[in-house]
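First the structure, in the form of structure tokens, and then the observations on it.
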Amino acid sequence: MDIKFVKVEVLLPEEYIEQLRNELNKLGVLTVGNYDHVVSYTVTKGYWRPLEKAVPYGGEIGEVSFGTECKMEFKCLYSKVEEVKTVINRIHPYEEPIINIIPLLN
């Protein structure tokens, strides 16, 4: 099966969405038809516990934390995935960003 497009999901603090959106748009990955800057996001809640060697954005080593973040999602050409991951990792404040790349069949 030849996958042409993927859906990218990334979890991040809401205050980083605009900056990330702008940088991804510069790559041309947020264009759908006659529109650009095409992304959506939802507010979500999550848990995490930084382990001994972690350098956490939030929370304390060894303590389970709970907080609100956003899931930003957009459609992108599979051929652009590595460039997209590079931009996300450059801007994202977390030590280990959650980036989900999901093949699209449509």
Q) Which ones in the stretch 65-106 are exposed (fewer than 13 other Cβ atoms within 10 Å of the Cβ), touching a Pro at 6+ places or on another chain (Cβ under 8 Å) and acidic (Asp, Glu)? A) Glu95
**Q.** Failed item in (1) more than 14 Å from the chain's Cα centre (by Cα); (2) over 18 Å from Leu104 (Cα atoms); (3) not acidic (Asp, Glu), with Ile17 passing the rest
**A.** (1)
**Q.** Pairs, first at pLDDT 95 or above in the stretch 19-36, second in a helix (DSSP H, G or I) and surrounded by fewer than 12 Cβ atoms within 10 Å (Cβ to Cβ), C-beta under 9 Å, six or more apart
**A.** Glu23/Arg90
(Q) Can you tell me how many residues within the stretch 4-18 are surrounded by 13 or more Cβ atoms within 10 Å (Cβ to Cβ), touching a residue at least 60 places away in the same chain (Cβ under 8 Å) and either touching a Phe, Trp or Tyr at 6+ places or on another chain (Cβ under 7 Å) or under 22 Å from Tyr57 (Cα atoms) (or both)? (A) 9
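The values are calculated or read from the model by the stated rules, or taken from the named source; none is laboratory data. Nothing here was measured: the structure is a model prediction, and the numbers come from that model. As a convention, Cβ positions derive from the backbone with ideal geometry for all residues, glycine included, and neighbour counts pool all protein chains shown.
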